[in-house]
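FYI, it's all coordinate maths here, none of it is from the lab. These numbers were taken from a predicted model, which means no experiment stands behind them. As a convention, Cβ positions derive from the backbone with ideal geometry for all residues, glycine included, and neighbour counts pool all protein chains shown.
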């Protein structure tokens, strides 16, 4: 899986990039190596907003796009919440695909012939 990290009003250092890659390892094992993941980190500059750190993750798979967006008081917390949400979405998506693939196979009929 290819991971692209962008920052809006936030400096994205090597330590933060490594933390993002570590958090997305679990997702990367469940999707195709051709999947493309975009992580966008931003900060709201309004002092009246308590959860000013925002993490958005877009995962483009073949035929679908999964999105997760979370805000928290710290960037690490927002990133963890967004990664957890994306992990749940990927798991649900793969279970849906597996369910469709099983149901499309022809099953032998148990009805008596007339």
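Things to note:
- Estimated [θ] at 222 nm from DSSP helical runs (n ≥ 4, -39500 (n - 2.57)) normalised by residues in the chain, nearest 500: -13500 deg cm²/dmol
- Theoretical FRET efficiency, 1/(1+(r/R0)^6), r = Cβ-Cβ of residue 8 and residue 36, R0 30 Å, to 0.05: 0.95
- Against the chain, whose longest principal axis comes from its Cα atoms, helix 75-104 is set at around 10 degrees.
- Residues 26, 18 in ascending order of nearby Cβ atoms (within 10 Å, fewest first): 18, 26.
- The relative contact order of the stretch 2-99 comes to 24 percent, based on Cα pairs under 8 Å that sit 6 or more residues apart.
- Note on 38, 64: ascending count of other Cβ atoms within 10 Å places them as 64, 38, the fewest first.
- Between 0 and 90°, nearest 10: helix 14-23 axis offset from the chain longest Cα axis: 20
- Using a simple spin-label model with pseudo-atoms 7 Å out from Cα toward Cβ, residue 18 and residue 77 lie 2.5 nm apart.
- Most mobile listed residue (28, 11, 71) in the chain, GNM with C-alpha springs under 10 Å: 11
- GNM top mover of 76, 46, 58 - the chain, alpha-carbon springs below 10 Å: 46
- Antiparallel bridge percentage (DSSP; both residues within the chain; nearest 5): 70
- Label zone at residue 87, where the point sits 7 Å out along the Cα-to-Cβ direction: the stretch 13-48 residues whose backbone N lies under 16 Å: 19-31
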